[in-house]
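Asks: First the structure, then my questions, so here it is.
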Amino acid sequence: MQGLVDIVRAILADPIRLAPLVAAISAVATVTALSWPVLAARRRQARIRAAARSLDGLRRSATAQQGESDAVMRLRHAAPKRFHQAIVRRLKLGTLIADPKTRTLIHQAGFRSPAAAIRITATRVISAVGLAAAAGLYAALVAVPGMPAAIHALVAVAGAAAGWHAPIVFLRNRLQKRRTDVRRNWPDAMDLLLICVESGMSIEMAFRKVAEEIAVQSLTLSEELSLTTAELAYLQDRAEVYRRLAARVDVEAVGSVVTSLIQSEKYGTPVGQALRVLSRESRDLRMAEAERKAAALPPKLTVPMIIFFLPVLFAVIMTPAIIQITAN
């Protein structure tokens, strides 16, 4: 180490020895400066190619999911079976099918066909009868044999009630998942919509383009925007189309955008500025929601830590002392 220090001091003290070192450093710096743009361009091209491959993979995945979604759509829009129609007709459940709340729930859950209400109602009847029979048989043969008939009837009624409400619970869970999906991806869709509108596209073309691009992230939102694009093509009242989008999605951020689009259609105000403000607000809302969930995490972890972590910690701390006490 001392020899290296002496060599450095000798080079710094003698200008003749220092000149080749400075020249070498200058040459390396010059070559690096000249070749840096080429290296940066190569790295940039490599990143672009990697991003293109990733985007192609996402598009292929979205296409495969879209194929599955098409199968779901065919099932969703299929005509009701005669068996379902016979159940509804025999039991005279037409008033239940015409219930506005039930129809709205079915529609918002993603089942667009008018026959969906018939299938859901018939499914409620079938599940109620099936669970009532299963609960009655279980209580009579497995649970407590010899129970009074009144208890068997009560268990069967409870099973029937559970079967009757099970399809409604399924629809509500599906609706909640769709809302969560839309809330999570709506800010990105807003940014794409803003870019399309400011680039000079019409609102129909903007919706179509956003529906195509957002399918990689959210098939639910892509489906809703595609349906809105189709309705804009053949319906006269554009405000009604926007209201239908807000009613189908039932998300506050979408409702704000719909209100802005309706006012723009009515008063002729520019859409881009309003969309820019709403896009910023939607991103702020998503960040606030993430912060709220992060703030709620410590209280949720308290009970699992008390139940699972503290006993193990006490066991690790106390075991050596217990071994020593028992050994003595």
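The values are calculated or read from the model by the stated rules, or taken from the named source; none is laboratory data. From a predicted model like this one, the values you see are computed outputs, not experimental measurements. Cβ: placed from backbone, ideal geometry, glycine included. Neighbour counts: every protein chain shown. For accessibility, only protein heavy atoms count, side chains too; no ligands or nucleic acids. Shrake-Rupley method; radii C 1.70, N 1.55, O 1.52, S 1.80 Å.
Asks: Inside the range 98-143, can you point out the residues that are at pLDDT below 80, open to solvent by less than 30 Å² (accessible area, probe 1.4 Å) and over 32 Å from the mean Cα position of the chain (by Cα)?
Replies: Hit for the range 98-143 is Ala139, nothing else.
Asks: Could you tell me which of the residues Leu232, Leu297 is over 19 Å from Asp181 (Cα atoms) and either open to solvent by less than 30 Å² (accessible area, probe 1.4 Å) or within 16 Å of the chain's Cα centre (by Cα) (or both)?
Replies: Values: Leu297 fails: either open to solvent by less than 30 Å² (accessible area, probe 1.4 Å) or within 16 Å of the chain's Cα centre (by Cα) (or both).
Residue meeting the stated conditions: Leu232.
Asks: What about Arg243, is it under 22 Å from Gly255 (Cβ atoms), in a helix (DSSP H, G or I), out of contact with any strand residue (DSSP E or B) (no Cβ under 7 Å at 6 or more places or on another chain) and open to solvent by 50 Å² or more (accessible area, probe 1.4 Å)? It would help to see each step written out before you state the result.
Replies: On the way: under 22 Å from Gly255 (Cβ atoms): yes; in a helix (DSSP H, G or I): yes; out of contact with any strand residue (DSSP E or B) (no Cβ under 7 Å at 6 or more places or on another chain): yes; open to solvent by 50 Å² or more (accessible area, probe 1.4 Å): yes.
Here the answer is yes, as Arg243 does meet what is asked.
Asks: Assess whether Arg112 counts as being of a type outside the set (S, T, N, Q) and in a helix (DSSP H, G or I). Walk me through it before giving the result.
Replies: Values: of a type outside the set (S, T, N, Q): yes; in a helix (DSSP H, G or I): no.
When the stated conditions are applied, Arg112 does not pass them.
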